[in-house]
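Notes for the one structure printed next.
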Amino acid sequence: MIGICTQAILAEGLTLGVKAGVDPEPLRKAIADGAVGQGLMLNYMVPNVIFKGDFDTPRFALKLARKDIGLASALGREFEVPLKIANLVDGKATAQAAVEAPRVHTEGAEVLVSTRVCDKALAGLGKKGHAVVPKEESYSTLNFARPVAIRVTARGLEAGCEQYSAASAAGH
């Protein structure tokens, strides 16, 4: 779970950075050289703060953290990058909305799309050249394990894409 969530947030951050005009390798290096890349949370915060129960010592201003995530979310909207996890943290989405989002599976020749996706979205995917196959979601349909959401907005189709898939269903 931790590894998958880390991959997802890295995909959001890298996608946002590249779409905003940052070269991928310097962006990767900046992340690797920062607190995340150095393992600050796992190597320092968990053993020295969480395991010791030291939650009262100030370490980073919550006001600055909210500002940072707010700026990232705003940049995502500006560059039309769906930031599902960042928006959840920023309070622009709810955990329930993330759980209930229709799913898409884009591994292989066909794009398996939840039957909960509306006809307009299915038609839009077809126009983009995808072989769309509607499929009923259930606990046993493992193809939908990767949360890729599609929604129709005034600007058209938007999607949050799983970073390792061969195709991105809504063209992002």
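The values are calculated or read from the model by the stated rules, or taken from the named source; none is laboratory data. The structure displayed is predicted, hence computed values, not measured ones. As a convention, Cβ positions derive from the backbone with ideal geometry for all residues, glycine included, and neighbour counts pool all protein chains shown.
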- Note on the structure: Taking the range 1-35 and the residues there that are within 17 Å of the chain's Cα centre (by Cα) and assigned to a loop (DSSP other than H, G, I, E, B), the one that is farthest from residue 85 (Cα to Cα) would be 20
- Query: Is there any pair linking a residue in the range 66-85 that is at positive phi and assigned by TED's automatic domain parsing to the domain that holds residue 17 to one that is surrounded by 15 or more Cβ atoms within 10 Å (Cβ to Cβ) and modelled with pLDDT of 85 or more, with Cβ under 9 Å and at least six apart or on different chains, and which?
  - Reply: 80/19
- Query: Out of (1) modelled with pLDDT under 85; (2) over 28 Å from residue 122 (Cβ atoms), the odd one out for residue 56 is which?
  - Reply: (1)
- Which of the residues belonging to the range 1-24 are charged (D, E, K, R) and within 14 Å of residue 72 (Cβ to Cβ)? 12, 19
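Residue-wise test of (1) surrounded by 14 or more Cβ atoms within 10 Å (Cβ to Cβ); (2) in contact (Cβ under 8 Å) with a residue 24 or more places away in the chain.
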residue	(1), (2)
11	yes, yes
21	no, no
28	yes, no
32	no, no
45	yes, no
48	no, no
51	no, no
